[in-house]
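Working notes for the structure below.
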Amino acid sequence: MKTDRLVSIIMMLLDKERIGAQELADRFEVSPRTIYRDIETINMAGIPVRSTPGVGGGFEIMQEYKLDKNVFSAADLSAILMGLTSLSGMVRGNELVNALAKVKRFIPADRAKEIELKANQIDIDLSPWMGNRNIQPYLERVKTALQENRLLSFDYADRFGNKTVRTVEPYQIVLKGSHWYFQGYCRKREDFRLFRLSRILNLQMTRETFSPRDYQKPVLDFGDILKTMQTTIKLRVQKSAMDRLLDYCTCEQAVPDGEEHYIVNFPFIENEYYYDILISFGDRCECLEPQRVRAEMKRRIQNMAALYEGRS
């Protein structure tokens, strides 16, 4: 977002005496022309930034200028504090601590209580309720490797449980759909890959460094693609299961069916992930149609029941 970028540029100008347009453009993955427009916006907001041309030149805040703490509204400061606090709970490091300290310096004493109340109105907790306890230490290890351009080595399990040994150049940490990933160049596959942290074992940061190569951010929005793959199936669901089912669809897709059930038009893709979702509801969810999905559910349930036959 532009506002986030403007705030970040101001913080960087406060932290550094001078910084070049290309360095800012590379940092925020925009064009130098966009950076020049951002600097103009910052100037219009009352913060005098001057440009020095030539070798060693760049942007800097005029030394005689003292930043007015009122340049940020209570909503601005609350949003920044909220984001930094939520991230620091999962990814620890001196950078986040220092960033929080710098932001708090902008809070006037007479507005501290108001801003604290606003910052606490939304609590973003990225830590899991339960599950893989390696995620947080692995995140910190990947973050350090990113900062130091160090290679990572680990065992990686695919969705079938098959393990391979990987050596990877890390480039970016990604949080998507409550799961943590990192993008890196896999030397085994000789290509960029997105690795899910929960599938990683024995993550080690090696002593070997690497020279960063050009890369593109991974494509994470598959909404349009999924729409072309999705079909709609009809489910009969017990009321007690609706709370979980609404993680995958909306209330508008459900209509009452008697006192204890709902009929739900459920968006579905015929793959392992979606069949596993349906099976996870047990006897509280029945697929009514289409017949091929109903037959496949019956086959899977029979195979599951066969696992428990003949054992005491």
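The values are calculated or read from the model by the stated rules, or taken from the named source; none is laboratory data. The model shown is predicted, which means the values in this text are computed figures rather than measured ones. Cβ coordinates were reconstructed from backbone atoms using ideal geometry, including for glycine residues, and neighbour counts include every protein chain displayed. With ligands, DNA and RNA removed, areas are computed over all heavy atoms of the protein, side chains included. Shrake-Rupley method; radii C 1.70, N 1.55, O 1.52, S 1.80 Å.
Output the residues belonging to the range 233-262 that are over 25 Å from Gln302 (Cβ atoms) and either touching a residue at least 60 places away in the same chain (Cβ under 8 Å) or more than 27 Å from the chain's Cα centre (by Cα) (or both). I'd like the intermediate steps shown before the answer.
To start, the set of residues in the range 233-262 that are over 25 Å from Gln302 (Cβ atoms) comprises 239, 242-243, 246-247, 249-260, 262.
Within the range 233-262, Lys239, Glu252, Gln253, Ala254, Val255, Pro256, Asp257, Gly258, Glu259, Glu260, Tyr262 meet the criteria.
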- If the Cβ limit is 7 Å and pairs must be 6+ apart or interchain, which residue in the range 199-219 that is of a type in the set (Lys, Arg) pairs with which residue that is in a strand (DSSP E or B)? Arg199/Tyr156; Arg199/Ala157; Arg213/Tyr185; Lys217/Gln172
- Residue tally, condition open to solvent by 90 Å² or more (accessible area, probe 1.4 Å), assigned to a helix (DSSP H, G or I) and of a type in the set (Asp, Glu), over the range 274-312: 1
- Query: Among the helices (runs of 4 or more DSSP H) contained in the range 39-151, which hold 1 or more residues that are at pLDDT below 75?
  - Reply: 74-88, 94-104, 112-119
- Message: Quick check on the range 152-187: of everything there that is within 24 Å of Phe210 (Cα to Cα) and polar (S, T, N, Q), which residue is farthest from the chain's Cα centre (by Cα)?
- Response: Thr164
- Task: Residue by residue through the range 167-210, note down the ones that are under 11 Å from Arg150 (Cα atoms) and of a type outside the set (Lys, Arg).
- Result: Thr167, Val168, Glu169, Pro170, Tyr171, Gln204, Met205, Thr206, Glu208, Thr209, Phe210
